[in-house]
Number of protein chains: 2
Amino acid sequence: MDQNNISEAVLPLEKFIAYRLNQAAEKVSQRFALEYKKRYGMTRPEWRTLATIGQFGNITAKEICQHSSMHKTKVSRAIFTLEQRRWLKRTVDQNDRRVEHLELTTQGQKAYMELSDVARTFQDQIYGALGAANTSALETSLEAIETLIDPQ
Amino acid sequence: MDQNNISEAVLPLEKFIAYRLNQAAEKVSQRFALEYKKRYGMTRPEWRTLATIGQFGNITAKEICQHSSMHKTKVSRAIFTLEQRRWLKRTVDQNDRRVEHLELTTQGQKAYMELSDVARTFQDQIYGALGAANTSALETSLEAIETLIDPQ
DNA sequence: AAAAATTTGTTGCATATGTAACGATGGACT
DNA sequence: AGTCCATCGTTACATATGCAACAAATTTTT
């Protein structure tokens, strides 16, 4: 077959799901990253770590890794930075001294609550711009992909 | 208000769209990355660059940046690596010698076609696992987000 | 109880990435 | 032509990331 006839081989990236998902996710995340960058100069791993501790209240580094799918060194470094900002405190587990329990300080809670507000506003804007039907489709498809990824 | 009452401030990450989109996109991409890593030891920027040149046939580095949203240094380095593998050739534009036109070599075409096949199979598997209704919802919502991002 | 294996979190090192500066070229304006 | 500015792609440098090795603690095996 003529090598230049790529009709059988071409892969329009606009129709490739991995590509489109990544573009969409990256743009949305970058847009939201502006918020925590400009307010607090935070990185993405730091924001995710803060948000995870904020949500669970008391959590270990390992649990953050499991919940967020971030690499343990990324989490370890984010925890270090958040600790330096005095946004979290560590408590060594008395039954297993390898384990550290992490909690937000008052300052950390404050930043978390402010950014949670920003996040909800951001999400509302997206949903508003998408409209009810598309929002519903997005929920449906994300749930489907999540089920595919993490079959409980 | 009691600081520990975070009912107003909590942001369940399982309901935050930026977070969910990223998790989904990252998992799907990582799964597909196994394919081009094991076959060719390629990185993600290299695969994306190959796929973009493959799709357009003749393209410049700048156009790859615009189409893929990759940073120009990432594209520059991917082009360099693909060139070293003899998967692409550069041709300096005779009207504007700053510009280089990129095309795949025969070897590059071969790799591109093979990986395109793998990609389509991968996509078919995802769509098969999602089912028609969820696939349709995914298409709809991705289009909606894309419109939101790139309003023409 | 001693030895071996596992787990939690950190760190050294190599790689990957982005920013800013750059060289080369081209275009605009005088 | 000469000066200034913009553009294309590369590179130097600083930062971010992941892998592998690690220390410390715990559990399992013998």
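Table for the structure above
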{"quantity": "Output for region A:113-128, where each listed residue is touching a Leu at 6+ places or on another chain (Cβ under 8 Å) and open to solvent by 60 Å² or more (accessible area, probe 1.4 Å)", "calculated": "A:ARG120"}
{"quantity": "Those residues of region A:65-107 which are within 10 Å of DNA strand C (Cβ to nearest atom), open to solvent by 70 Å² or more (accessible area, probe 1.4 Å) and among the β-branched types (Val, Ile, Thr), in sequence order", "calculated": "none"}
{"quantity": "Some residue of region B:39-57 being under 24 Å from A:ALA25 (Cβ atoms), of a type in the set (Ser, Thr, Tyr) and touching a residue at least 60 places away in the same chain (Cβ under 8 Å)", "calculated": "no"}
{"quantity": "Filter result for A:LYS110 (touching a helix residue (DSSP H, G or I) at 6+ places or on another chain (Cβ under 9 Å), part of a helix (DSSP H, G or I) and open to solvent by 20 Å² or more (accessible area, probe 1.4 Å))", "calculated": "no"}
{"quantity": "Residue list for region A:48-64, restricted to those being open to solvent by less than 80 Å² (accessible area, probe 1.4 Å) and either over 21 Å from B:ALA18 (Cα atoms) or out of contact with any helix residue (DSSP H, G or I) (no Cβ under 8 Å at 6 or more places or on another chain) (or both)", "calculated": "A:GLY57, A:ASN58, A:ILE59, A:THR60, A:ALA61"}
{"quantity": "Any hit, region B:68-82, residues being free of Cβ contacts under 8 Å to residues at least 60 places away in the same chain and within 7 Å of chain A (Cβ to nearest Cβ)", "calculated": "yes"}
{"quantity": "Residue that is nearest to A:ARG48 (Cα to Cα) [pool: residues in region A:86-105 that are within 11 Å of DNA strand D (Cβ to nearest atom) and not in a strand (DSSP E or B)]", "calculated": "A:VAL99"}
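The values are calculated or read from the model by the stated rules, or taken from the named source; none is laboratory data. Since this is a predicted model, take the numbers as computed values, not measurements. With ideal geometry, Cβ positions are generated from the backbone for all residues, glycine too; neighbour counts draw on all protein chains shown. Just the protein is used for accessible areas: all its heavy atoms, side chains included, with ligands, DNA and RNA removed. Shrake-Rupley method; radii C 1.70, N 1.55, O 1.52, S 1.80 Å.
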